[in-house]
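All remarks here apply to the structure that follows.
The values are calculated or read from the model by the stated rules, or taken from the named source; none is laboratory data. The structure presented is a predicted model; accordingly, all values stated were derived computationally and were not measured. Don't worry about glycine lacking a Cβ; one is built from the backbone with ideal geometry, like all the others, and counts go over all protein chains shown. For the accessible areas, the whole protein counts, side chains as well, though only heavy atoms, and no ligand, DNA or RNA atoms are used. Shrake-Rupley method; radii C 1.70, N 1.55, O 1.52, S 1.80 Å.
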Amino acid sequence: YLDATESCHASRFLNHAESGSLVAAPAMGGRGVDFFAARDLAEGTELSFDYGVGYWAGREDDPAPGTDSRLAAIRVRRAVGGVAPFLQAA
């Protein structure tokens, strides 16, 4: 995934929401992400998008309460990811 920690792009201020107001898509012609409105947005609507289960599984912290219904799946994937190398055949 792309980490916006060191970015100066405005997208670094977009928050996570499983049913966000934006849809992210790979940028045409290069590295990056384009964002499109997921529906008609009223003025003042918070701009957010789904960071995805993989993003959260790779982190130690969980999504903010109320932003994602997949918390159990995220935690399972995080736990399995830590033991998966030991489960592979040699």
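Looking only at the range 30-56, count every residue that is more than 14 Å from residue 17 (Cα to Cα), part of a loop (DSSP other than H, G, I, E, B) and of a type in the set (A, V, I, L, M) and tell me the total.
Residues in the range 30-56 being more than 14 Å from residue 17 (Cα to Cα), part of a loop (DSSP other than H, G, I, E, B) and of a type in the set (A, V, I, L, M): 2 in total.
Note down all Cβ pairs under 9 Å where the first residue falls in the range 23-40 and is open to solvent by 70 Å² or more (accessible area, probe 1.4 Å), the second is modelled with pLDDT under 85 and aliphatic (A, V, I, L, M), and they're at least six residues apart or on different chains.
26/33; 31/2
Which residues, counting only those in the range 60-82, are of a type in the set (D, E, K, R), in a loop (DSSP other than H, G, I, E, B) and open to solvent by 80 Å² or more (accessible area, probe 1.4 Å)? It would help to see each step written out before you state the result.
Step one: list which residues in the range 60-82 are of a type in the set (D, E, K, R), which gives 60-62, 68, 70, 75, 77-78.
Applying the additional criterion that residues be in a loop (DSSP other than H, G, I, E, B) yields 60-62, 68, 70.
If the condition is that a residue be of a type in the set (D, E, K, R), in a loop (DSSP other than H, G, I, E, B) and open to solvent by 80 Å² or more (accessible area, probe 1.4 Å), then 60 is the only one that fits.
Could you check the range 52-90 and list, in sequence order, the residues that are of a type in the set (Ser, Thr, Tyr) and modelled with pLDDT under 90? Explain how you work it out, then say what you get.
Taking the range 52-90 and keeping what is of a type in the set (Ser, Thr, Tyr), we get 55, 67, 69.
55 - this is the single residue of the range 52-90 that is of a type in the set (Ser, Thr, Tyr) and modelled with pLDDT under 90.
Considering every residue within the range 3-17, establish whether at least one is farther than 24 Å from residue 66 by Cβ, modelled with pLDDT under 95 and of a type in the set (A, V, I, L, M, F, W, C).
Scanning the range 3-17 turns up at least one residue that is farther than 24 Å from residue 66 by Cβ, modelled with pLDDT under 95 and of a type in the set (A, V, I, L, M, F, W, C).
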